[in-house]
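Q: Can you read through this structure? Questions will come right after.
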Amino acid sequence: GHERGLFVDLGSGDGEAVKQAVQMGYRRAVGVELNFTLYALAQFRRLFFWTRDERARSNFFCRNLFHYDIKESDTIFFFVVTPLLIPISEKIAKECRAGTQVLAYRFPLPLSTKHGDDDDDGDESETPYAKLVFDEEEMRIYQCLGAEQQDTDTTPKRWCSTSVEVQDSHYDSSKVIP
């Protein structure tokens, strides 16, 4: 079985996934939510309606998910809008260690990068950063691969070759894509 240490919900909304993670046996569950109203609702529910044990093993942070470090996460969950799929995939590739499970609701993640030999014959290959281990209805679970399983080339790879434009005033692409 997978280690149930730290569960992180990126874009945690009202906090329901965090509560479910604690109830499923995760030692610690964290929700990261940018919208203050949703963050406040999650905190209210946690403080007044959750058990003492659920409160002790959970927390919420009101901040941009791109500014939250996910390196120690064992499981990451998110349900985000499509313009964020590439930047969130880059974050996962950069920060997650081998074995981290990524639960993506509704939208598949672009979890490989194309690289070729720069001639015009169209030969390209893909380097996977995670493998799909579950795909039913609208839930997909990926397992991150370690650097040794990705490629022998140690130069950092970008997830996409073009910049991403997002119509969200809270999202600064210069802080996400190098």
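The values are calculated or read from the model by the stated rules, or taken from the named source; none is laboratory data. Please read these numbers as outputs of a predicted model, since none were measured by experiment. As a convention, Cβ positions derive from the backbone with ideal geometry for all residues, glycine included, and neighbour counts pool all protein chains shown. Each accessible area value is taken on the protein alone, full model and side chains, heavy atoms only, with ligands, DNA and RNA left out. Shrake-Rupley method; radii C 1.70, N 1.55, O 1.52, S 1.80 Å.
Q: Rolling a 1.4 angstrom probe over the protein chains, ignoring ligands and nucleic acids, what is the accessible area of Arg27 in square angstrom, nearest 10?
A: Counting only protein heavy atoms, the figure is 150 Å².
Q: Mark the label point 7 Å from the Cα of Gln43 along Cα→Cβ and return the residues of the stretch 63-96 whose backbone N is within less than 11 Å of it.
A: Within reach of a label on Gln43: 63.
Q: Just to verify a number: what accessible area does Phe48 come out at with the full protein assembly present, 1.4 Å probe, Å² rounded to tens?
A: Only protein atoms counted, so the area is about 140 Å².
Q: Using only the heavy atoms of the protein chains and a 1.4 Å probe, how would Leu84, Leu34, Leu47 rank by accessible area, largest first?
A: Values: Leu84 20, Leu34 70, Leu47 95 Å².
The ordering from most to least exposed comes out as Leu47, Leu34, Leu84.
Q: What is the spin-label model distance, in nm, from Arg63 to Arg97 if the labels are put 7 Å beyond Cα along the C-beta direction?
A: 2.0 nm
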